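Data first, discussion second: the structure below is written as structure tokens.
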Amino acid sequence: MRKSLLLAALILLFPTVLEAYGGPSRPDTLRVLAIGNSFSVDAVDQNLHEIAAADGHVLIIGNMVIGGCFLEKHWRLAAGDSARYSYHKTGPDGVLVKRPQTSMSWALADEKWDVVTFHQSSGLSGQAESYEPYLTELLRYVKARTPRRCRMMMHQTWAYAEGSTNHNFPTYGRSQEQMYEALCQAYGTAAKRHRMGLIPSGTAVQNSRHTFNRENVTRDGYHLHKWFGRYLVACTWYEALYGTSVVGNAYRPPHLDGRRAAIARQCAHAACRHPFTVTRVDFDNPFDTSNGNWKPDYINTDPSKVPDYTLPDALTMQDGRPVQTAAQWFGQRRPELLELFETEMFGKAPGRLEGTKWEMLEEGPALGGLARRKQVRIIFPRRGCYFTVLIYLPAQAKGPIPVFMGLNFEGNATVQPDPAILYPDPWRSDGYGIYVEQPRGTQSSRWPVDEIVRRGYGLVTFHNAEIDPDFDDGFDNGVTPLIYREGQNFPEPDQWGTLSAWAWGMSRVLDYLEEDPDVDAARVAAIGHSRLGKTALLAAARDERFAMAISNDSGCGGAALSRRRYGETIRFITGNFPHWFCGNFFQYVDHEDALPFDQHEFLALIAPRPLYVASAEDDSWTDPVGERLAFQGAQAVYDFLGLDRSLTEYHIREGAHELTREDWLRYLDFADKHFNR
Ligand code: GTR
């Protein structure tokens, strides 16, 4: 009794006595120490404190970090008392402070930890034999330095993305499923053997891969996406630590839309309930993961169910004034519309970056003497960013040649079975992280180079993913960060998304073509299929140096009207490809009528230049009727401007969503007409 009175008096007089033990704290304060590496940085350095706080908990988080550190090394460092860790500590106020050169013994003494967690480095995570005897030794070491009530937990790391360039992936046959299964085995065995709790992050990540979000959970194929992936795993930690469902928790990180945040919480919750098996969290998921199709009840493909809508009038200014002259169209209305498409849909791109260079990598004869091939590298002044352009020109032609410029989906080497086409360095610049070296020529049916050169044209192509990878990496990779100002780590709501970045890449290639004497830069047609058709339209809308635009099955966000809500809608396109558009576009999900424009006005931005729009009969996802209607709406602007009808052309062919030789033959005829061949 007297002793405790004395202690109480001491505490009152000397609050620092308490501070030495981590400061005065609320009774429900939980103290968690992670022993990890960059994967624990992804897991606990952000969001976790906030999620706990949203439910009224105070959480103190320690994180012992050495890049790539594995259990054996942790044990060696602990045994040798080496002060080699960076000790990250999130205090009760949520502020993270880093203390360099910290030893395990120091960190263990820093707080009266309630929980200590361990994980194996991701490369070894699926190899149970690599855990021991180090885990046993580490546990002994940690238990000797923590309160008896302290819980020990295993933190289950996650499998790599399909196509990940991580050098450990071959250990698992480059198979995500194999890696996931192996790590489930190994963590399960370890947790059982030592009677430890488990934080099933790996399963939460795997669950999320079976939702519409698919592979958009890592940012480089193994580290977590900065918003979605990290939040998902923090949710998993929260539920595993507190035993309370994270579903319904009110915290959501900036830049993460509500739908994705909800999916993350569902996936985390399901993982905590079933830590070693994938649960299909079919929450508002338009994608049927069992057969890879879109669920028919989620998309409207019934023409009778197209809602009533009113298209904005292309020839009325936003303030209601009618456009009366061509000069007013070009001087006022067109700039106004372009600005709206840039700020509300695609996001603004910078101009040419000062210091951009190009380098001729290779030149030579191709296609059995029919063509000449050039491969040019475009190098940006920052972040080691570059990409390679593949050019085919007719071998015989004299003088500057008109060309088609279009992005390709799978890499330059897939465009032709030409052994001289260079593969990019895997993965080339700053760890885009997902790369599959596709076999040569697999996309050649989309690129009839023989026909193109025979008709006297050149082809200029490059891989979209070399500009910006085509997955949601949190805008970490590719060119998007090139424009960030100091301290910025995500585009502003009106700054470029990936489609805008790709289109910007097309303009940078045009900069090069202006310097290439073999090419007539005044006769460059922007062409693209599907998402790359949207891109070609945007490139030409924005950059009037493109002399022609050809949209092949570009659909939603391209040539198809948004207000018809037929086939792909804004909800689905932003849900599946959140990286394609700028942040402002998300407000139009389910609010198509609030859009200040529709896609007929997008097509009208091409005027007075030749415009070709093509659809395919079986391609209901892209809404061929919506494409035709938008095309006709654009034609009305061409008419108003007094332009000849021959400048606009539309076709719908039989068959599926594809860019075929048949399509190309029509585009070549169209080019013949307008490029004076
Ligand atoms: C689809 C997407 C379309 C279209 C297409 C493609 O999955 O929903 O908007 O762009 O991909 O690019 O092939």
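The values are calculated or read from the model by the stated rules, or taken from the named source; none is laboratory data. This is a predicted model, so every value here is computed, not measured. When we count neighbours, we look across all protein chains shown, and the Cβ atoms used for this are built from the backbone with ideal geometry, even at glycine.
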Item to check | Residue satisfying all of: in the stretch 42-93; touching a helix residue (DSSP H, G or I) at 6+ places or on another chain (Cβ under 7 Å) and among the charged types (D, E, K, R); surrounded by the most Cβ atoms within 10 Å (Cβ to Cβ) among these | outcome: D42
Checklist entry - So which of F577, F572 ends up being surrounded by fewer than 22 Cβ atoms within 10 Å (Cβ to Cβ), within 11 Å of the ligand (Cβ to nearest atom) and under 21 Å from D618 (Cα atoms)? => result F572
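Only one of G221, G188 is touching a strand residue (DSSP E or B) at 6+ places or on another chain (Cβ under 6 Å) and either at pLDDT 95 or above or not aromatic (F, W, Y) (or both); which?
So the residue among G221, G188 that is touching a strand residue (DSSP E or B) at 6+ places or on another chain (Cβ under 6 Å) and either at pLDDT 95 or above or not aromatic (F, W, Y) (or both) is G221.
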Checklist entry - Do the conditions hold for F490, that is, is it aromatic (F, W, Y), touching a residue at least 24 places away in the same chain (Cβ under 8 Å), within 27 Å of L665 (Cβ to Cβ) and more than 16 Å from the ligand (Cβ to nearest atom)? => result no
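In this structure, is R609 more than 16 Å from the ligand (Cβ to nearest atom) and out of contact with any His (no Cβ under 6 Å at 6 or more places or on another chain)?
yes
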Item to check | Checking F475 against (1) farther than 15 Å from I391 by Cβ; (2) within 16 Å of the ligand (Cβ to nearest atom); (3) touching a Phe, Trp or Tyr at 6+ places or on another chain (Cβ under 8 Å), the condition it does not meet | outcome: (2)
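Residue by residue, here is whether (1) under 23 Å from D55 (Cα atoms); (2) in contact with a Ser or Thr (Cβ under 8 Å, 6 or more places away or on another chain); (3) of a type in the set (A, V, I, L, M) holds:
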| position | (1), (2), (3) |
| --- | --- |
| M154 | no, yes, yes |
| A159 | no, no, yes |
| K192 | no, no, no |
| G197 | yes, no, no |
| R209 | no, no, no |
| T218 | no, yes, no |
| L232 | yes, yes, yes |
Checklist entry - Only one of these conditions is not met by D28: (1) of a type outside the set (S, T, Y); (2) over 18 Å from V246 (Cβ atoms); (3) more than 34 Å from the chain's Cα centre (by Cα); (4) assigned to a loop (DSSP other than H, G, I, E, B). Which number is it? => result (2)
Item to check | Residue pairs meeting the criteria (Cβ under 8 Å; at least 6 apart or on separate chains; first over 19 Å from R609 (Cα atoms), in the stretch 325-348; second basic (K, R)) | outcome: E342/K348; E342/R542
Checklist entry - Among (1) of a type in the set (A, V, I, L, M, F, W, C); (2) away from the ligand (no atom under 11 Å from the Cβ); (3) surrounded by fewer than 24 Cβ atoms within 10 Å (Cβ to Cβ), where does L537 come up short? => result (3)
Item to check | Residue count, the stretch 301-352 (criterion: closer than 27 Å to S507 by Cβ and in a helix (DSSP H, G or I)) | outcome: 21
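Give me the residue from the stretch 206-229 that is over 15 Å from C272 (Cα atoms) and over 14 Å from the mean Cα position of the chain (by Cα) and, out of that set, surrounded by the fewest Cβ atoms within 10 Å (Cβ to Cβ). Spell out how you get there, then give the answer.
Looking only at the stretch 206-229, we keep the residues that are over 15 Å from C272 (Cα atoms), and these are 209-229.
Subset that is over 14 Å from the mean Cα position of the chain (by Cα): 210-211.
On the way: H210: 18, T211: 23.
Filtering first and then ranking leaves H210.
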Item to check | Top-ranked residue in the stretch 104-123 [being under 24 Å from A190 (Cβ atoms) and without any contact (Cβ under 8 Å) to a residue 60 or more places away in the chain; ranked as surrounded by the most Cβ atoms within 10 Å (Cβ to Cβ)] | outcome: G123
Checklist outcome for this item: Filtering the stretch 506-532 down to residues that are assigned to a helix (DSSP H, G or I) and of a type in the set (G, A, S) yields S507
Checklist entry - Which condition number in (1) closer than 13 Å to I550 by Cβ; (2) in a helix (DSSP H, G or I) is the one that Y650 fails? => result (2)
Item to check | Residues located in the stretch 331-353, provided they are more than 17 Å from F597 (Cβ to Cβ) and out of contact with any helix residue (DSSP H, G or I) (no Cβ under 9 Å at 6 or more places or on another chain) | outcome: G331
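Within the stretch 407-434, can you find the residues that are hydrophobic (A, V, I, L, M, F, W, C), more than 16 Å from the ligand (Cβ to nearest atom) and at pLDDT 90 or above?
Step one: filter the stretch 407-434 for residues hydrophobic (A, V, I, L, M, F, W, C), giving 407, 409, 413, 415, 420-422, 427, 434.
Those left that are additionally more than 16 Å from the ligand (Cβ to nearest atom): 413, 415, 420-422, 427, 434.
Once the filter is applied, which keeps residues that are hydrophobic (A, V, I, L, M, F, W, C), more than 16 Å from the ligand (Cβ to nearest atom) and at pLDDT 90 or above, the stretch 407-434 yields A413, V415, A420, I421, L422.
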Next on the checklist: Tally up the residues in the stretch 653-677 that are within 16 Å of the ligand (Cβ to nearest atom), part of a loop (DSSP other than H, G, I, E, B) and not hydrophobic (A, V, I, L, M, F, W, C), please.
Outcome noted: 4
Checklist outcome for this item: The lone condition P608 fails out of (1) on the phi < 0 side of the Ramachandran plot; (2) within 28 Å of the chain's Cα centre (by Cα); (3) in a loop (DSSP other than H, G, I, E, B); (4) modelled with pLDDT of 95 or more is (2)
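Rundown of residues vs (1) of a type outside the set (A, V, I, L, M, F, W, C); (2) closer than 16 Å to Y612 by Cα; (3) not in a strand (DSSP E or B), yes/no style:
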site	(1), (2), (3)
K534	yes, yes, yes
L537	no, yes, yes
A541	no, yes, yes
R545	yes, no, yes
G558	yes, yes, yes
R564	yes, no, yes
E568	yes, no, yes
I573	no, no, yes
Checklist outcome for this item: Taking the stretch 540-559 and keeping only residues that are of a type outside the set (A, V, I, L, M, F, W, C) and more than 10 Å from the ligand (Cβ to nearest atom), one is left with R542, D543, E544, R545, S551, N552
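Mind telling me which of the residues R508, R531 ends up being within 16 Å of the ligand (Cβ to nearest atom) and at pLDDT 95 or above? First the steps, then the outcome.
Details: R508 fails: within 16 Å of the ligand (Cβ to nearest atom).
Just one listed residue meets the conditions, R531.
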Next on the checklist: Based on this model, can you work out whether T203 counts as touching a residue at least 60 places away in the same chain (Cβ under 8 Å), in a loop (DSSP other than H, G, I, E, B) and surrounded by 21 or more Cβ atoms within 10 Å (Cβ to Cβ)?
Outcome noted: no
Checklist entry - Which of (1) closer than 30 Å to L256 by Cα; (2) in contact with a Leu (Cβ under 9 Å, 6 or more places away or on another chain); (3) among the polar types (S, T, N, Q) is the odd one out, the single condition N552 does not satisfy? => result (1)
Next on the checklist: Given the options E617, E601, name the one that is surrounded by fewer than 23 Cβ atoms within 10 Å (Cβ to Cβ) and modelled with pLDDT of 95 or more.
Outcome noted: E617
Next on the checklist: Just to be sure I understand the filter: pairs with C-beta atoms under 7 Å, separated by 6 or more residues or on different chains, first member in the stretch 256-269 and closer than 15 Å to V589 by Cβ, second member surrounded by fewer than 21 Cβ atoms within 10 Å (Cβ to Cβ). Which pairs pass?
Outcome noted: D257/F586; G258/R252; R259/D284; A261/R252; A262/F283; I263/F283
Checklist entry - Only one of (1) outside the structural domain of A182 (by TED's automatic domain parsing); (2) at pLDDT 95 or above is not met by A268, so which one is it? => result (1)
